[in-house]
Amino acid sequence: QVQLVESGGGLVQAGGSLRLSCAASGRIFSINAMGWFRQAPGKQRELVAGILSGGSTNYANSVKGRFTISRDNAKNTVYLQMNSLKPEDTAVYYCNAEVRQYYSTSYSQYWGQGTQVTVSS
């Protein structure tokens, strides 16, 4: 099986920074897209940022210019550097990856357990 383990969440004041990490492990043959989603209380889960294996990225309009997604393909790890954090960034952040396992011909979606990010005003 495949596991995604996130780290780096916490409590920070508005204007501060946090860096999230997500490491994928298991019988991984290759990973296509990796990304970060977030879900605030009472709201739907939304895409924050995504990155393809070749490095192409996309961001939600609300985080452009403040967040940077990157990945280390050798370590099967994706990062999210969050700067100039705002109270409205408070949410549970989830890592997502499209993974092809050994002996499989297709990709499947996997999710991390989520990490809480709280930004105080």
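Descriptive notes on the structure:
- Considered as a group, the residues in the range 89-107 that are of a type outside the set (D, E, K, R) and surrounded by fewer than 18 Cβ atoms within 10 Å (Cβ to Cβ) include one that is nearest to SER56 (Cα to Cα), and that residue is TYR107.
- Number of positions in the range 1-44 that are buried (at least 17 other Cβ atoms within 10 Å of the Cβ) and basic (Lys, Arg): 1
- Failed item, numbered, when ASP72 is tested on (1) among the acidic types (Asp, Glu); (2) more than 18 Å from THR115 (Cα to Cα); (3) open to solvent by 60 Å² or more (accessible area, probe 1.4 Å): (3)
- Here SER53, SER62 are screened, and the one residue that is among the hydroxyl-bearing types (Ser, Thr, Tyr) and modelled with pLDDT of 95 or more is SER62.
- One residue from LYS86, LYS64 being open to solvent by 20 Å² or more (accessible area, probe 1.4 Å), among the basic types (Lys, Arg) and under 19 Å from GLY8 (Cβ atoms): LYS86
- Taking first residues from the range 74-101 that are closer than 12 Å to GLY35 by Cα and at pLDDT 95 or above and partners that are part of a strand (DSSP E or B) and among the charged types (D, E, K, R), the Cβ contacts under 6 Å between residues at least 6 apart in sequence or on separate chains come to VAL78/ARG71; TYR93/ARG38; CYS95/GLU6.
- Residue list for the range 108-121, restricted to those being open to solvent by 60 Å² or more (accessible area, probe 1.4 Å) and either farther than 15 Å from GLN1 by Cβ or touching a residue at least 24 places away in the same chain (Cβ under 8 Å) (or both): TRP111, GLN113, GLN116, SER121
The values are calculated or read from the model by the stated rules, or taken from the named source; none is laboratory data. Keep in mind it's a predicted model, so treat the numbers as computed, not measured. Counting neighbours? That spans all protein chains shown, and the Cβs are built from the backbone with ideal geometry, glycine included. The area values use the complete protein model at the heavy-atom level, side chains included, leaving out ligands, DNA and RNA. Shrake-Rupley method; radii C 1.70, N 1.55, O 1.52, S 1.80 Å.
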